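Please treat every number below as a calculation from the coordinates, not as lab data. Treat the numbers as computed from the prediction; the structure is a model and nothing was measured. Here the Cβ positions follow ideal geometry from the backbone for every residue, glycine too, while neighbour counts run over all protein chains shown.
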Amino acid sequence: MMTTDKLQPFNEEAESAVLGSILIDPEMIKVISLLPEDFYDERNSTIYNVMLKLKTEGKGVNQITIAQMLDEQGKLEEVGGAGYFSHLVAETPTSLDCQHYADIVQNLSSSRRLIVAGKTIEEMGYSANGDTTANIAKADKLLLDLRKTAGGSHIITPEERDKILAERYTTLYSKQQGIAIGTGLIDLDRRLGGGLFPGDMIVLGARPGVGKTTMLECIANHIGRDSNVLFCSAEMNMESLSDRDVANQLGVPIEVIRYGNYEDDVITQIIDKALPWISGQKIYHLDFTRSYQITTANIYQSAYEIKERYGLAMVVVDYLSLLTDKYGNNNNERVGYITRTLKEMSMTLEIPLLVAHQLNRASEMRPDKRPQLQDLRDSGNVEQDADIVLFLYRDSYYKKDSDSNITEIIIAKQRQGQSGIKVRVVWDEKHQTYRNLAKEYQ
């Protein structure tokens, strides 16, 4: 096993300058978002913890109040006595750069946490009897937790809330289409308040074969014309998904594209029309059929990378039950962990996350086959964490003598709007896509 004698990364001057800045100007403690454990020097961690406590209690943060509280805790001498505060002030060039000092402290704290995570992962790698699959999932979780904590924590004050909301409503006022991302299905967007909102997890449920994946593709393709989308498919590989896009662009049945042995004009259209359209779409595919694992950590890491490098408008997951996260003692606990993580991901990345989910067979036993919330597999967890639940229903799926191509999108749950609404769209089975009903029959 590798060992190292390297010193832990920290910056004594930066830590002192953060505390000195607060002693010079107590208002600085409202600006930064450090945690006591971000300080490497235990004395500094103890002092900062007392500063936070005084702030929370609404008391003044100064040398006298800090010394008094430390004395009451029996820790004043441990930190070097009241004289240490004078040293901190003397060593601080200016309190105006407090945020810069805090950034240095926080970055080095994240580096130390990375070292700890690395050693833990190394130990798992050396474990001869360990479950490799489970250990990789644990390693993913360690790195995910590290990324989430790298920015520290922040409590929004009433004043900050006012500023944030002023910016929000000014944006809503000035943007013609609002902040929601349109799905391309006009009536659905109208019922959802404009479309899909950042921070929301949207669950799309239907029985197998009704067209969940096609709906995901339809929405992703609409958004992908202008904004980046990450499409994570655990059910179909990228080629199979692309066959549908090619068929739709060329206006030919999908079986023609999948069969091959093309006529000259077909391959010409594929090369000259369909592929340029596909390359123009801003859709990134995370194709798990080429890898061994599909976990929420894999998805988060890919989404985070795309967002940081290129910007990201939405994540699509097809579908929830195929994610391989290992958690809890049963599938119910595992699914609960997955849905909570996906919801957290949508909020952290500030994007809508659209995920497909299978339904159980309960609807098959009812005279009205339209799905209900209790038909979701592991419905308690999924229903609780989802901001919006959409179901797909089509008469022709159950009535083989029906030639209706109308699909109902049932808004079964909408945290910020009316539920129990049905939106009708056209199902184009030949070209594997959905279209607006209004445009079809205007």
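Okay, here's what the table says:
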| item | result |
| --- | --- |
| For the chain: Kirkwood Rh in Å [reciprocal of mean 1/r, alpha carbons] | 25.5 |
| Chain lengthening between Lys422 and Gln73 when straightened (0.36 nm per residue, less Cα-Cα) | 119.4 nm |
| Top positive-direction residue, dipole computed over the chain with Cβ charges, set Val266, Asn331, Met238 | Val266 |
| Of Lys212/Lys399; Lys369/Lys413; Lys75/Lys119; Lys55/Lys141, pairs whose Cα-Cα distance is over 27 Å | Lys75/Lys119; Lys55/Lys141 |
| Estimated 222 nm signal from helices in the chain, with DSSP H stretches of n ≥ 4 weighted -39500 (n - 2.57), rounded to 500 | -14500 deg cm²/dmol |
| Distance between region 184-244 and region 1-75 - C-alpha centres, whole angstrom | 48 |
| Summed side-chain charge close to Cys98 - residues other than Cys98 whose Cβ falls under 11 Å, Lys, Arg +1, Asp, Glu -1 | -3 |
| For the chain, size of Cβ-based charge dipole, Lys and Arg +1, Asp and Glu -1, in debye | 1520 |
| Cα-Cα P(r), region 179-440, percent of pairs per 5 Å interval | 1, 6, 13, 17, 19, 18, 13, 8, 3, 1, 0, 0 |
| Cβ-based net charge around Tyr393, under 13 Å, with every Lys or Arg adding one and every Asp or Glu removing one | +4 |
| Antiparallel content of DSSP bridges confined to the chain, in %, to 5 | 45 |
| DSSP-defined antiparallel bridges as percent of all bridges, region 179-440, nearest 5 | 45 |
| Residue (of Gln416, Asn381, Ile406) at the positive-pole extreme of region 292-442, dipole from beta-carbon charges | Ile406 |
| Where only alpha carbons of region 12-149 are counted, the Rg and the Dmax (Å) | 18.4, 56 |
| Point-charge dipole on Cβ atoms (K/R +1, D/E -1) for region 295-417, about Cα centre, debye to 20 | 160 |
| Helix 296-309 axis, angle to the chain major axis (alpha carbon atoms, nearest 10°) | 80 |
| GNM flexibility winner over the chain from Tyr262, Tyr304, Tyr48 (Cα, springs under 10 Å) | Tyr262 |
| Principal-axis tilt of helix 132-149 within the chain, Cα atoms, nearest 10 degrees | 60 |
